[in-house]
Amino acid sequence: MSGLRLSRNAKKLMPITIVMFAGIVLASVFVYNPITGQLVTTAPAIIFQPGTNAGQADLGGNTITVSLSPSQTSASVLLHPTYQITYYKDILEVNNTDTVNAYFILLRVTDPLNDAKVTQAFAYLKDAGGAVLATLDLTIAGTETTWIQIPANTVYTLDFSFTIADGTGDSPGTAPALTDTQFAIDLIYSTTNTEAAP
């Protein structure tokens, strides 16, 4: 009788043992399916150009300065605003150099102008006729415009405005004392406007 019981237990244990060994074997198998890639570069479709007022006289005997990278795919702007509202017109241009294809662009603040004395700061994207296509608040990190189409062979312009408050300790003989004097924007462009930019 006891031999019969042992045989039944052995039959029950055998499938479990086989499954355990099979699991160990499968965990030791690795298959490598290779993927190769190749880059074929192309010229940038959207580039920056100095606006018509780049290089012109700024306040305090200074100059409105626009500096571009060699490929014209990055830009740096140096402005000299004062108290109250200072508006800078046509400082930087956004040029779709593709003569065939339209693109979609948006502007995103990556480093805000965060100073208590700067009560407002904006960038304005305008078309060739001067119509405002988008307004970007430069004081809010991560804020962005919606996608805006820029047709083939088209130039848009960027204006800037800054409102700087005066108060205790300020005088007509001194420039506004700011603790944060820098901001940064990404101009993002894509072939489509159907997805959010990462």
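The values are calculated or read from the model by the stated rules, or taken from the named source; none is laboratory data. Remember, predicted model here, so these are calculated numbers, not experimental data. All Cβ positions, even for glycine, are placed from backbone atoms using ideal geometry, and neighbour counts span all protein chains on display.
Whether any residue in the range 116-132 is under 19 Å from SER190 (Cα atoms), part of a loop (DSSP other than H, G, I, E, B) and at pLDDT 95 or above is what I want to check. The answer is yes, given that some residue of the range 116-132 is under 19 Å from SER190 (Cα atoms), part of a loop (DSSP other than H, G, I, E, B) and at pLDDT 95 or above. For ALA43, the requirement of being small (Gly, Ala, Ser), farther than 26 Å from LEU178 by Cα, part of a loop (DSSP other than H, G, I, E, B) and out of contact with any strand residue (DSSP E or B) (no Cβ under 6 Å at 6 or more places or on another chain) is met. Picking from residues in the range 141-172 that are assigned to a loop (DSSP other than H, G, I, E, B) and touching an Asp or Glu at 6+ places or on another chain (Cβ under 8 Å), the one that is farthest from ASP90 (Cα to Cα) is ALA141.
Here the condition is being part of a loop (DSSP other than H, G, I, E, B) and over 16 Å from VAL109 (Cβ atoms); of ALA197, ALA175, it holds for ALA175 alone. One residue stands out among those in the range 72-103 that are over 16 Å from SER161 (Cβ atoms) and among the charged types (D, E, K, R): the one that is surrounded by the fewest Cβ atoms within 10 Å (Cβ to Cβ), which is ASP98. All conditions in (1) under 13 Å from the mean Cα position of the chain (by Cα); (2) in contact (Cβ under 8 Å) with a residue 40 or more places away in the chain; (3) more than 22 Å from THR52 (Cβ to Cβ) hold for GLY142, with the sole exception of (2).
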